[in-house]
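Trainee: Could you have a look at this structure, given as structure tokens, before my questions?
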Amino acid sequence: LVDQVGHLLTAHLPQITATLLALVAHVFRSGSVCEVAEEGADDDKTGEYDGDDDKTAEYKDKLFKKLRGLCLRRVTDVVTKFKTSDFADFMPRLLETLKPRIVRLPLENTQSPVGFLETFHEMAYNDTLAPYLFTSPEILPAIFGCMSAPKAAFLVRRTSLEVADVLVRQAETLGQQKGMSSHMSVLLHHVYLHLKVLVDKGGPSQAGDLQAQVRELNLLRLQFNLLAQLSKYTCTPEQAQQLLDLLIPFLGNRKKFGNVSASEEARRFILETCANLVKLVHDSNVYVAPAARQLLPVMAQATRDAACDFIVAIGKPLQKVAQYVLEFSAMSVKRLDEYDFDRRLAAYSACCQPAFLASLSAHHVRVLAAQSMHDVRDEDVSIRNHGIKLLCLIMGCIKTAATGKGGAATLK
């Protein structure tokens, strides 16, 4: 009826939801009683084996499992068909009834999103229903737990990530920033576990056949998008460091990790995430080298800006050259897709001063050398010549420091 003539049933929605709620309560309560009775049945018997009883118990289990799935599908049908209706009385009572099953979601719902996850997925994409996912402290941790559950199917992990992604992006619109923040630590933990499993296995290239590799790559891109949003929230320094250590290899070893960073969008998401996370770690010195390497490749301007932001986010270790890195990539505000030559060449002139070069540390030199090597391949002759000049001066400083005739000892 809901599927065929749902638009004519709006006036009867209270009766439909009341009937559906009664059915859900009966089926889930009956299933629980049945399971408890089966578990305690051995206590009332003398231990005699009865094959018929085993078959009956197995049949009951399958029957109630099927009935629970049907009930949840009807719930999904109703909340999908009547998206703009008022479920203020129905949803809290439904979620309270289902709570014992919700907390077991990462254990019981790992092979298919049909059922609970499908219902929660529909709710997450409905601005009216999404706030109900924040009403109980057990719901979101159970949903997030499915993405890192052992042997969870691809569709289950994707559904869990999609729910997390839309809730994080819509938290401000829904007025749930505080509620989302309270679950951030749990979500980051499961995202970390999910990503770590893939890294430990050797990346998407080890996922199986070509179809499985493509699925994992798509899942990775979704996860990078989610992490870019999550990194804007506050997390612990330990969590930030764990995620950084997992993300940075994706920017380097392309072949091992499925060539993910070849996608401009994925690379930009990773760089934006790293820039947000590195601000939170206690010691950012260890990330200077990988951050400097991101200045070497030729990339789109938006991705280049994200790489520069990563350098700036390192903070104190690169404070002396961070502003110059931004100037080296400056674009004109008056002409579309054209360099701001005044700013770029002024930055090169400042960096080529002997006194400035003599005061640089190894970290500073690494960043400026990477920038120069990038600009040596530029199409513009003036930028290319300035890049060559700075690179030659840097090599001279390194040679001088290495021979012990002067320069900063940190260049060794």
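The values are calculated or read from the model by the stated rules, or taken from the named source; none is laboratory data. If you're wondering where the values come from, they're calculated on a predicted model, not measured in any experiment. Quick reminder, even Gly has a Cβ in these numbers, built from the backbone with ideal geometry, and neighbours come from all protein chains shown. What goes into the accessible areas is simple: the full protein's heavy atoms, side chains included, and nothing from ligands, DNA or RNA. Shrake-Rupley method; radii C 1.70, N 1.55, O 1.52, S 1.80 Å.
Trainee: Of all residues in region 309-359, how many are in contact (Cβ under 8 Å) with a residue 40 or more places away in the chain, open to solvent by 10 Å² or more (accessible area, probe 1.4 Å), farther than 21 Å from Val376 by Cα and assigned to a helix (DSSP H, G or I)?
Mentor: So the answer is 3.
Trainee: So in region 261-286, with the set limited to residues that are open to solvent by 10 Å² or more (accessible area, probe 1.4 Å) and among the hydroxyl-bearing types (Ser, Thr, Tyr), which one is farthest from Ile248 (Cα to Cα)?
Mentor: Ser263
Condition check ((1) open to solvent by 20 Å² or more (accessible area, probe 1.4 Å); (2) in contact with a His (Cβ under 8 Å, 6 or more places away or on another chain); (3) assigned to a helix (DSSP H, G or I)) across all residues:
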| site | (1), (2), (3) |
| --- | --- |
| Arg73 | yes, no, yes |
| Thr76 | no, no, yes |
| Ala88 | yes, no, no |
| Leu95 | no, no, yes |
| Gln111 | yes, no, no |
| Asp127 | yes, no, no |
| Pro137 | yes, no, no |
| Ala142 | no, no, yes |
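Trainee: For region 288-302, which residues satisfy the criterion of being surrounded by 23 or more Cβ atoms within 10 Å (Cβ to Cβ) and outside any loop (DSSP other than H, G, I, E, B)?
Mentor: Ala291, Ala292
Trainee: Would you tally the residues in region 83-96 being more than 31 Å from the chain's Cα centre (by Cα) and either modelled with pLDDT under 80 or of a type in the set (Ser, Thr, Tyr) (or both)?
Mentor: Here the count works out to 2.
Trainee: Just to be sure I understand the filter: pairs with C-beta atoms under 6 Å, separated by 6 or more residues or on different chains, first member in region 74-92 and over 17 Å from Gln4 (Cβ atoms), second member open to solvent by 60 Å² or more (accessible area, probe 1.4 Å). Which pairs pass?
Mentor: Qualifying pairs under 6 Å: Val79/Glu122.
Trainee: Okay, moving on. Among the residues of region 291-311 satisfying the criterion of being aliphatic (A, V, I, L, M) and in contact with an Asp or Glu (Cβ under 6 Å, 6 or more places away or on another chain), which is modelled with the lowest pLDDT?
Mentor: Ala300
Trainee: While we're on this one: Give His7, His12 a once-over and let me know the one that is at pLDDT 75 or above and farther than 20 Å from Gly115 by Cβ.
Mentor: On the way: His7 fails: at pLDDT 75 or above.
Just a single option satisfies the conditions, and that option is His12.
Trainee: May I ask you to verify whether Ser372 is more than 19 Å from Met299 (Cβ to Cβ) and either at pLDDT 90 or above or not in a loop (DSSP other than H, G, I, E, B) (or both)?
Mentor: In short, no.
Trainee: A further question on this structure: Kindly provide the set of residues from region 154-164 that are open to solvent by 10 Å² or more (accessible area, probe 1.4 Å) and either under 10 Å from Ala124 (Cα atoms) or among the hydrophobic types (A, V, I, L, M, F, W, C) (or both), ordered by number.
Mentor: Looking only at region 154-164, we keep the residues that are open to solvent by 10 Å² or more (accessible area, probe 1.4 Å), and these are 154-155, 157-159, 162.
Within region 154-164, Phe154, Leu155, Glu162 meet the criteria.
Trainee: Among the residues in region 161-181, are any assigned to a loop (DSSP other than H, G, I, E, B) and closer than 23 Å to Val199 by Cα?
Mentor: no
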